[in-house]
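Remarks on the structure that follows.
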Amino acid sequence: MAKPKIKPEIKTESVVAPAPKWNVVVLNDPINFTGYVVVAFVSVLRIPKAEAKRLMRQVHEEGRATVWTGERERAELLALELQQWHLSAILEVDA
Amino acid sequence: MPELRLSMTTEARTVLTDLLRLIAPAAARVSVNRARVPEADGEVAAFWTETLKAQAEEEARLLAVAFASAKGDPAIIVLRNEAQALAFLRALSAVRMALRDLVFADIPDAELEAAAELDDETLPTEQRHALACYTCFGLLQQSLVLQLDPEAFD
């Protein structure tokens, strides 16, 4: 069998999909006081008090708030820290 | 930060200390059960569970020591620094969570959110007693939050 004289030119292209972002979501609960939640947010998320209050109000009024978005490992760490404050924190993939 | 103080009547201290003895052994279980541990990664889930369990046990110990050491009339709990105060805040939240899950899980969220206005005359004695303690722990928690940050509440 004759060998092909021309080598086929094969191009490969790798496309790197960006890692999905994760949301840390806090759900409302009937047990923790609003002031306690503000202290928890400031302590865990290292955000200014005004922002902590805004997020607390969102949790209280809408039942949930996304308090942080970013890479998975950091999201897991923050969600765990919020749970250590006995807040209902969950992780969701950012849509 | 100057030390923070929580005061209560000696009667309240006795009642709350007795309740803590009863509920502390179950608090760790409640804390882990309530947590939303991510299930996709077994290693992460195990780490979360262990972390929350260890913390719950530490919180139970912290509360037991603090109430047992509260002296005088009124009985006073002294928290020497911010780290101690924040740990105590979390511990108070944990015990309220445990009471909610173990003693009055049947009270709807909306009613519990306004526990002070709850008509507790219709509740069984055990629940009424636990609800009074739940409110007391909440008052201590609010007092501590206000000392840490007077503007934390709206």
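Sorted from largest down, give the three principal axis spans of the alpha carbons of region B:1-44, whole angstrom values.
Ordered largest first, region B:1-44 gives principal extents of 48, 33, 12 Å.
Based on DSSP loop calls and a cut-off of at most 12 other Cβ atoms within 10 Å, the longest stretch of chain A free of exposed GluC sites (Glu not before Pro) is what? List each step's numbers first, then the result.
Numbers: sites that count: A:GLU9, A:GLU13, A:GLU71.
In chain A, the maximal stretch lacking such sites is A:14-70.
Select from region B:48-154 those GluC sites (Glu not before Pro) which occupy a DSSP coil region and have at most 14 other Cβ atoms within 10 Å, ordered by residue number. Kindly include the intermediate steps, with their values, before the conclusion.
Values: sites: B:GLU50, B:GLU57, B:GLU58, B:GLU59, B:GLU82, B:GLU111, B:GLU113, B:GLU117, B:GLU121, B:GLU126, B:GLU151; in loops: B:GLU151.
Within region B:48-154, the qualifying GluC sites (Glu not before Pro) (loop, at most 14 other Cβ atoms within 10 Å) are B:GLU151.
With helices defined as uninterrupted DSSP H runs, which ones in chain B have an alpha carbon span along their own long axis of at least 15 Å and mean Kyte-Doolittle hydropathy of at least 0.5? Numbers along the way, then the final one.
On the way: long enough: B:10-34 (33 Å, 0.33); B:42-69 (40 Å, 0.25); B:82-102 (30 Å, 0.66); B:125-148 (35 Å, 0.39).
TM-like helix candidates: B:82-102.
Find the percent of Cα-Cα distances in the protein assembly as shown that exceed 25 Å, and round it to a whole number.
Numbers: 14958 of 30876 pairs.
The calculated P(r) of the protein assembly as shown puts 48 percent of pairs beyond 25 Å.
So which residue, out of B:GLN55, B:GLN141, B:GLN84, gets the largest mean-square fluctuation from a GNM of chain B using Cα contacts under 10 Å as springs?
Result for chain B, Cα springs under 10 Å: B:GLN84 fluctuates most.
From Cα coordinates alone, what are the radius of gyration and Dmax values for region B:1-88 in angstrom?
16.0, 52
By per-residue mean of other Cβ atoms within 10 Å, what is the highest-first order of B:85-96, A:26-37, B:10-21? Mind showing how you got there, number by number?
Numbers: B:85-96: 22.8, A:26-37: 20.6, B:10-21: 16.6.
Taking the mean over residues of other Cβ atoms within 10 Å, the ranking is B:85-96, A:26-37, B:10-21.
Simple spin-label model, 7 Å along Cα-to-Cβ: A:LYS7 to B:ARG5 in nm?
Result: 8.6 nm between the two label points.
So if the hydrodynamic radius of chain A is defined as the Kirkwood radius over C-alpha pairs, what does Stokes-Einstein give as its diffusion coefficient at 37 °C and 0.692 mPa s, in µm² per second? All intermediate terms of the calculation are to be shown ahead of the outcome.
On the way: Rh = 15.5 Å.
For these conditions, the coefficient is 211 µm²/s.
Do the sum for chain B: with -39,500 (n - 2.57) for every DSSP H run of n ≥ 4, divided by all residues, what is the mean residue ellipticity at 222 nm, to the nearest 500 deg cm²/dmol? Mind showing how you got there, number by number?
On the way: 5 runs with 103 residues, N = 154.
Mean residue ellipticity at 222 nm (helix-derived): -23000 deg cm²/dmol.
Go ahead and estimate [θ] at 222 nm for chain A from helices alone: -39,500 (n - 2.57) per DSSP H run with n ≥ 4, summed, over the residue count, rounded to 500. Don't skip to the answer; put the middle values down first.
Details: 3 runs with 39 residues, N = 95.
Using -39500 (n - 2.57) per qualifying helix, the result is -13000 deg cm²/dmol.
Taking a virtual spin label 7 Å from the Cα of B:ARG29 along the C-beta vector, which residues in region B:62-100 bring their backbone nitrogen under 14 Å of it?
B:98-99
Calculated FRET efficiency, A:LYS21 and B:GLN84, Cβ-Cβ r, R0 35 Å, to nearest 0.05?
Values: r = 36 Å, r/R0 = 1.03.
That gives a FRET efficiency of 0.45.
Can you classify region B:48-119 as rounded, prolate or oblate using the Cα gyration tensor, where a ≥ b ≥ c are the square roots of its eigenvalues, rounded means a/c under 1.5, and otherwise it's prolate if a/b beats b/c and oblate if not? Please report the intermediate quantities before stating the final value.
On the way: a/c = 2.31, a/b = 1.30, b/c = 1.77.
Judged from the Cα gyration tensor, region B:48-119 comes out oblate (a/c at least 1.5, b/c at or above a/b).
Below 13 angstrom from the Cβ of A:THR34, what's the summed charge of the other residues (Lys, Arg +1; Asp, Glu -1)? Kindly include the intermediate steps, with their values, before the conclusion.
Details: positive: A:LYS49, A:LYS53, A:ARG54, A:ARG57; negative: A:ASP29, A:GLU61, B:GLU113, B:ASP149, B:GLU151, B:ASP154.
Net charge in that neighbourhood comes out at -2.
Where q = 0.17, 0.19, 0.22, 0.27 Å⁻¹, what log10 of I(q)/I(0) comes from the Debye formula for region B:80-154, counting one point per Cα?
These q points yield log10 I(q)/I(0) values of -0.69, -0.82, -1.00, -1.27.
Which residues make up the longest stretch of chain A clear of trypsin sites (Lys or Arg not before Pro) that lie in a DSSP loop with no more than 12 other Cβ atoms within 10 Å, not counting the sites?
Values: sites that count: A:LYS5, A:LYS11, A:ARG46.
Value returned for the longest uninterrupted segment is A:47-95.
About the Cα centre of chain A, how large is the charge dipole given +1 on each Lys and Arg Cβ and -1 on each Asp and Glu Cβ? Please answer in debye to the nearest 20.
Working: 13 positive and 12 negative charges, 110 e Å.
So the magnitude is around 520 debye.
In terms of the Cα gyration tensor, with a ≥ b ≥ c the square roots of its eigenvalues, is chain B rounded because a/c is under 1.5, prolate because a/b exceeds b/c, or oblate? Show your work: numbers first, answer last.
Numbers: a/c = 1.60, a/b = 1.15, b/c = 1.39.
Here chain B falls in the oblate category.
If you take each beta carbon of peptide B:142-153 and count the beta carbons of other chains within 10 angstrom, what is the mean? Please list the in-between numbers first.
Details: counts 4, 0, 3, 8, 1, 0, 5, 6, 1, 5, 13, 6.
The mean count of partner-chain Cβ atoms within 10 Å per residue comes to 4.
Just how large is the dipole of region B:1-127 about the Cα centre, in debye to the nearest 20, putting +1 at every Lys and Arg Cβ and -1 at every Asp and Glu Cβ? Mind dumping the intermediate values first?
On the way: 13 positive and 22 negative charges, 140 e Å.
The calculation lands at about 680 debye.
No lab work stands behind these numbers, since they all come straight from the coordinates. This is a predicted model, so every value here is computed, not measured. Here Cβ is always computed from backbone atoms with ideal geometry, including for glycine, and neighbour counts include all displayed protein chains.
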